[in-house]
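To start, the structure itself, in structure tokens.
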Amino acid sequence: MSFRARHLLGIEHLAPDEITTILDLAESYAELNRSDIKHGDALKGLTQINMFFEASTRTQASFELAGKRLGADVMNMALGASSLKKGETLIDTALTLNAMHPDLLVVRHPHSGAVSLLSQKVNCAVLNAGDGRHEHPTQALLDALTIRRAKGRLHRLTVAICGDIAHSRVARSNIHLLGKMENRVRLVAPPTLMPSQASEWGVEVYGSMDEGLKDADVVMMLRLQKERMDGAFIPSEREYFHRFGLDAEKLAHAKPDAIVMHPGPMNRGVEIDGTIADDINRSVIQDQVEMGVAVRMAAMDLLARNLKAARAGEGVLV
Amino acid sequence: MGQILFQNARLIDPETGTEALGSLAVRDGRITGTGGMEGAEVVDCGGKCLAPGIVDIGVKVSEPGERHKESFRSAGRAAVAGGVTTMVTRPDTLPAIDTPEVLEFVRRRANEAAPVNVLPMAALTRGREGREMAEIGFLLDAGAVAFTDCDRVVANTKVFSRCLTYAASLGVLVIGHCQEPVLSEGAAATSGKFAALKGLPSVSPMAERMGLDRDIAVVEMTGARYHADQITTARALTRLERAKAAGLDLTAGVSIHHLTLNELDVGDYRTFFKVKPPLRSEDDRIAVVEAVASGLIDVISSMHTPQDEESKRLPFEEAASGAIGLETLLPAAMRLVHGGHMDLPTLWRALSLNPSRRLGLETGRLSAGAPADLVLFDPDAPFVLDRFKLHSKSKNTPFDEARMQGKVLGCWVAGRDVFTDLGAES
């Protein structure tokens with residue numbers, strides 16, 4: 001096993017064989033999840049706390065289910081409203097939770113770097129469930145697994161990531177992961193939603209869907225946040241859909257067997273046409289959700305193994 | 001006050017731009033010349049450097065309001081340990097120093113507690129809120145040496161131009177912070193590859209030039225005396241050069257952190273590297289270092305900003321800005337000398353002579369008649385910095401565990417040894 005990290009904070013510092021290790025294990029959990037008895041015991045007796053400083057339904061549910069299927073005691077904490085308003089700092093919250101001896105801490109926070117900061121103050125394994133605009137590693141891993149299953153490989157593919165790149169942690173984690181696995185990554189966005197020096201990231205930058213999608217194997221759409229729609233970053237919802245929304249006409253520029261992905265939740269008619277999203281021949285959006293649970297089971301399983309090894313004094317943690 | 005003869009010193013004279021081995025005589029707090037003196041206390045400098053004490057424009061002492069972060073006493077001790085003999089203090093306290101009454105409090109506290117010269121600056125607008133002019137005349141009478149709203153830009157250009165018009169009539173110096181205020185709102189880093197990958201809200205380096213452009217126009221319009229607190233980007237330098245060539249009464253400074261660190265030093269969201277304006281690209285850093293060497297940038301400051309651990313142990317976007325610098329200014333600045341960018345007299349022009357001149361002070365020189373504010377230092381002595389050994393109450397230095405060169409060996413204010421006391425008390 002080549003995954004030896006204590007935390008899963010991002011894709012940036014993972015090696016390709018670590019990514020493969022996680023995906024291979026997730027593959028077996030995907031099988032388990034399709035069987036009648038969906039139970040493993042990798043996390044039996046362990047406590048998993050989901051700390052969400054930012055509202056989330058889907059990701060939190062996915063982590064909760066993953067933990068429960070592996071036998072962990074799972075507790076959910078929605079912290080957006082309570083402690084932050086009382087003036088408690090992130091560190092205090094972390095120390096309070098740490099005193100309850102959790103084994104796995106799943107954290108989402110609106111600020112970049114916050115999960116890394118928290119991981120320095122606790123002695124359990126920390127999983128980043130999204131920090132600001134920085135990283136969302138399990139999303140990139142579930143995307144990778146979905147691609148690998150649909151395309152039969154995870155290298156030498158052309159992947160177009162389209163939409164609000166500037167504010168997207170999903171985009172950053174995917175850029176890291178797909179680059180490490182030697183794929184060709186293209187970014188397609190209006191200039192106001194493209195990071196200023198994206199071309200230095202080892203990706204190709206496009207301002208038009210037709211060019212960016214040409215001969216792509218994978219088309220990955222990003223969610224456009226409501227508050228960015230009207231006037232601030234783009235002129236209007238309808239102009240955005242016209243120029244950057246994925247419809248059949250734009251998708252025709254990609255390879256005939258290109259798959260369509262979206263991290264959800266979707267804005268139908270804004271970044272993606274509803275009929276494309278529902279097209280079972282092209283859209284793998286439901287597979288992404290399914291793989292999400294499997295990947296999170298794998299990631300938590302591996303982290304729990306490292307945690308137990310460390311506690312047994314094997315000192316493998318880096 | 002007696003007589004002191006500094007012998008066997010490497011004299012760093014920024015006024016003449018020279019350094020030479022020699023001796024320096026001091027009587028009654030003033031330099032009298034280089035000749036010998038009968039019956040004087042002799043200080044053998046052992047061939048080490050003797051230079052005018054550093055004049056640091058823009059020191060934040062957190063009195064009034066946040067004395068747990070820094071007091072006049074702790075800042076004064078840090079200054080002595082760093083060879084800073086004059087602290088020009090900022091008014092961004094709680095409350096802001098914007099009335100003669102608050103200024104009087106500051107002067108009294110400074111006299112009681114600080115072993116170095118303290119020259120207070122006052123706010124340009126009431127509460128530093130950018131709406132109404134502060135009592136510039138009264139504050140001037142009470143001893144304010146310059147007027148500034150610190151890192152808050154007076155965004156309303158009508159208010160700003162009236163302040164400068166009024167300031168010009170009194171001949172006072174206004175210190176501005178060059179940033180386009182709306183563009184830079186909420187920014188924690190400089191736009192570029194690093195900030196984008198780390199997912200940090202960022203501001204284009206162009207925002208500094210926009211701010212400087214506006215201020216230059218208002219200076220031209222009003223005839224005010226103006227100093228830009230920190231110019232940190234190559235783009236702004238061309239504008240600065242043009243404005244100086246046009247004969248405007250305008251100077252510029254830069255913080256030691258922007259001369260010795262770049263945006264990549266933030267690394268994994270290290271908040272001790274969060275400063276205002278944010279650290280820049282390496283290209284900008286080099287350009288600004290060269291501008292100090294050429295004299296285009298006049299002044300180097302520590303921009304000493306104490307923050308306690310609680311203000312810094314937060315996610316990067318939420319963490320407070322600023323770094324302490326009084327005690328590390330000299331060794332950090334030695335990097336510019338050891339890196340071959342400038343010689344010691346050139347460095348001391350920016351650390352001592354130019355800030356003195358800009359404020360109309362007699363310090364910054366080694367010539368006869370100048371106040372005997374002196375620092376003795378070894379420019380080469382190596383050490384590894386331990387932040388918990390610094391004299392400031394707050395320990396937010398970006399140089400923790402950094403390898404540095406340059407140690408202060410002695411410090412005199414008006415001929416009085418303030419350095420030996422430091423050792424005795426600590």
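Nothing in this text is a laboratory measurement; each read-out follows from the coordinates by a stated rule. Remember, it's a predicted structure, so these values are computed and weren't measured experimentally. Glycine also receives a Cβ, built like all others from the backbone with ideal geometry; neighbour counts cover every protein chain displayed.
Distance between the 7 Å Cα→Cβ label points at A:Gln197 and B:Asp268: 2.3 nm.
Between the beta carbons of A:Met75 and B:Thr157, assuming R0 = 60 Å, the FRET efficiency works out to 0.65 to the nearest 0.05. Scaled against 2.2 N^0.38 Å for its residue count N, the alpha carbon radius of gyration of the range B:187-306 is 1.07. Helix B:100-113 sits at what angle to the longest principal axis of chain B, using alpha carbons and giving 0 to 90 degrees rounded to 10? It is inclined by approximately 40 degrees. Multiplying each eigenvalue of the alpha-carbon gyration tensor of the range B:35-182 by 5 and taking the square root yields semi-axes of 33, 17, 15 Å, largest first, rounded to whole angstroms. Name the longest site-free stretch of chain A, where the excluded sites are trypsin sites (Lys or Arg not before Pro) in a DSSP loop with no more than 12 other beta-carbon atoms within 10 Å. My reading of the result: A:157-318 is the longest stretch.
Straight-line cross-link partners of B:Lys193 among the lysines, defined as a Cα under 30 Å from its Cα and at least 8 positions apart when in the same chain: A:Lys121, A:Lys180, A:Lys214, A:Lys226, A:Lys250, B:Lys274, B:Lys276, B:Lys312, B:Lys395.
The distance between label points at A:Asp257 and B:Asp386 comes to 6.6 nm (points 7 Å beyond Cα on the Cα→Cβ vector). Along its principal axes, the range B:6-100 has C-alpha extents of 50, 29, 25 angstrom, given from the largest down.
The amide H of B:Thr397, built 1.01 Å from its N in the peptide plane, has B:Ile324 as neighbours under 5 Å, considering only residues 5 or more places off or on other chains. Setting aside same-chain residues fewer than 8 positions from A:Lys308, which aspartates and glutamates have a Cα under 20 Å from its Cα? Cα-Cα hits under 20 Å: A:Glu18, A:Asp41, A:Asp73, A:Asp103.
For B:Lys407, nonlocal amide neighbours, meaning residues 5 or more places apart or on other chains whose placed amide H falls under 5 Å from its own, are B:Asp378, B:Asp380, B:Ala381. Here is the result for the range B:380-424: no trypsin sites (Lys or Arg not before Pro) lie in DSSP coil with at most 11 other C-beta atoms within 10 angstrom of their C-beta.
Calculated FRET efficiency, A:His101 to A:Gln286, Cβ-Cβ distance, R0 = 45 Å: about 0.75 to the nearest 0.05. What is the angle, in °, between the Cα long axis of helix A:137-151 and the longest principal axis of the Cα atoms in chain A? Nearest 10 is fine, range 0 to 90. It is inclined by approximately 60 degrees. Fully extending the segment from A:Glu31 to A:Ser2, taken as 0.36 nm per residue of separation minus the present Cα-Cα distance, adds 8.2 nm. Put simply, the Cα atoms of the range A:169-217 extend 25, 25, 18 Å along their principal axes, the longest span coming first. Rounded to the nearest whole angstrom, the semi-axes of the ellipsoid equivalent to the protein assembly as shown, taken from the Cα gyration tensor as √(5λ), stand at 56, 29, 23, largest first.
With respect to chain A, whose longest principal axis is taken over its alpha-carbon atoms, helix A:285-311 is tilted by about 30°. How fast does the range B:49-115 diffuse by Stokes-Einstein, in µm²/s, taking the Kirkwood radius from C-alpha pairs at 10 °C and 1.306 mPa s? Answer, rounded: 130 µm²/s. The Rg/Rh ratio of the range A:1-128, with both radii computed over alpha carbons and Rh defined as the Kirkwood radius, is 0.97. Model label sites at B:Asp141 and A:Arg268, defined 7 Å from Cα along the beta-carbon direction, differ in position by 7.5 nm. For the segment A:107-114, counting C-beta atoms of other chains within 10 Å of every residue's C-beta and taking the mean gives 6. Translational diffusion of the range B:312-374 was estimated from the Stokes-Einstein equation, with Rh taken as the Kirkwood radius over Cα pairs; at 4 °C and 1.567 mPa s the coefficient is 91 µm²/s. In whole Å, what is the distance between the alpha-carbon centres of the range A:118-189 and the range B:1-56? Between the Cα centres of the range A:118-189 and the range B:1-56 lies a distance of 63 Å.
Once divided by 2.2 N^0.38 Å, the Cα radius of gyration of chain A becomes 0.99. Ignoring lysines fewer than eight residues from A:Lys38 along the same chain, the ones with Cα atoms less than 16 angstrom from its Cα are A:Lys68. Under 5 Å between amide hydrogens, built in the peptide plane, is the criterion, and for B:Thr251 it picks out B:Tyr226, B:His227, B:Ala228 among residues at least 5 positions away or on other chains. Other residues within the sphere of radius under 10 Å centred on the Cβ of A:Glu211, judged by their own Cβ, net out at 0 (K and R +1, D and E -1). Within the range B:1-34, find all residues whose amide N lies under 11 Å from a label point positioned 7 Å from the Cα of B:Ala368 along Cα-to-beta-carbon. Under 11 Å, as judged by backbone N against the label point of B:Ala368, lie B:32-34 of the range B:1-34. The Kirkwood radius of the range A:51-192, taken over pairs of alpha-carbon atoms, gives through the Stokes-Einstein law at 37 °C and 0.692 mPa s a diffusion coefficient of 198 µm² s⁻¹.
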